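Colleague: The structure that follows is given in the form of structure tokens.
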Amino acid sequence: MVNSMTGFATLTGEHGQHEWVWDMRGVNARGLDVRLRVPDWITGLEQEIKTKTNKSFARGSLQISLKIGRREEEGQLALDGAALDGVLAALNEIESRAAAHSLTLTPTSAAEILGIRGVQKTSQEPDDITALKAALLTNFDGVLEQFAQMRAKEGASLEAVLSAQIDEIETLTDAAAKAAEARKPHVAETLKTNLARVMDNTDGASADRVAQELALLAVKADVTEEIDRLHAHISAARDLLAQSKPIGRKMDFLTQEFNREANTLCSKSQFSELTRIGLDLKAVIDQMREQVQNVE
């Protein structure tokens, strides 16, 4: 099972008078890099979000943000007793002083008194941060699930592409084996020519040195090991695709091994058809490596 490292998820939620929006996005990375933007007044939220995320994913650069706000709601009308007593005392003092100066004041209505700053207040329930954090964390589980589903969906597409590329590498490897068989007469003739050249320059050379030169010529012409290793890598790649755990790092290493064998095949080919196949192999392997960069 292949998972992609790219994806996004968004989810809304609410608790009491609070409402919020989670946003989570991921791109490729060599390891796991989690970056958060959450309110710092919710104590402990950031660390718990990181812990949940680290348990859910192995690779990727992840950006997680939380936008939270409080809904405006009309609360019940309440009076500030101390403030009201102060206002009434002040009004009483004003009326007494006015009477002392033979002044008549217009009666003050209750509505006017309510309009005086500080007399009335809006009662709201105090915030329960513990309950709010619990609601946010529960909601965040849904974000993780949504994000994982998107990465799995993209991963399924990646798996199909990688599987097709592995099939193509196998087809080209089989073709390389046939080309290597077909080039044997050409290799035999080349070896005879090179052997004659070595023998013509053996004056004063030790028998061991001559044997080494002859063995080197034979090794340079033989591509059996490269083809065998390519087949082994093909089998390993298919085994990786069947695994349920993250395979990105191992698959990336394997593509490097594929490329090494293809390079050696080209350098040893000494045969136009085998060279063409080796170049085709390198092209497919390069395309495969680009895709593997997206795998978790």
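The numbers here are math on the coordinates, done by the rules we state, and not lab data. Note that the coordinates shown come from a computational prediction; the quantities given were computed from them, not determined experimentally. Cβ atoms come from the backbone with ideal geometry, glycine included; neighbour counts cover every protein chain shown.
Colleague: For a protection proxy built on the mean count of beta-carbon atoms within 10 angstrom, sort 258-266, 43-51 highest first, please.
Modeller: Descending mean neighbour count gives 258-266, 43-51.
Colleague: What list do you get for 2, 21, 143 if you sort them by fewest beta carbons within 10 Å?
Modeller: Ranking 2, 21, 143 by Cβ neighbours within 10 Å, fewest first, gives 21, 143, 2.
Colleague: With respect to the cross-link table entries 184/268; 52/133; 55/245; 50/250, which display a Cα-Cα separation exceeding 19 Å? Intermediate results must be reported in sequence, preceding the final value.
Modeller: Details: 184/268 13 Å; 52/133 14 Å; 55/245 13 Å; 50/250 25 Å.
Pairs exceeding 19 Å: 50/250.
Colleague: Can you sort 27, 34, 292 by how many other beta carbons sit within 10 Å, fewest first?
Modeller: 27, 34, 292
Colleague: If I take R0 = 30 Å and measure r between the Cβ atoms of residue 67 and residue 242 in this structure, what FRET efficiency does the formula 1/(1 + (r/R0)^6) give, to the nearest 0.05? Working shown, then result.
Modeller: On the way: r = 41 Å, r/R0 = 1.36.
Once the sixth-power term is evaluated, E becomes 0.15.
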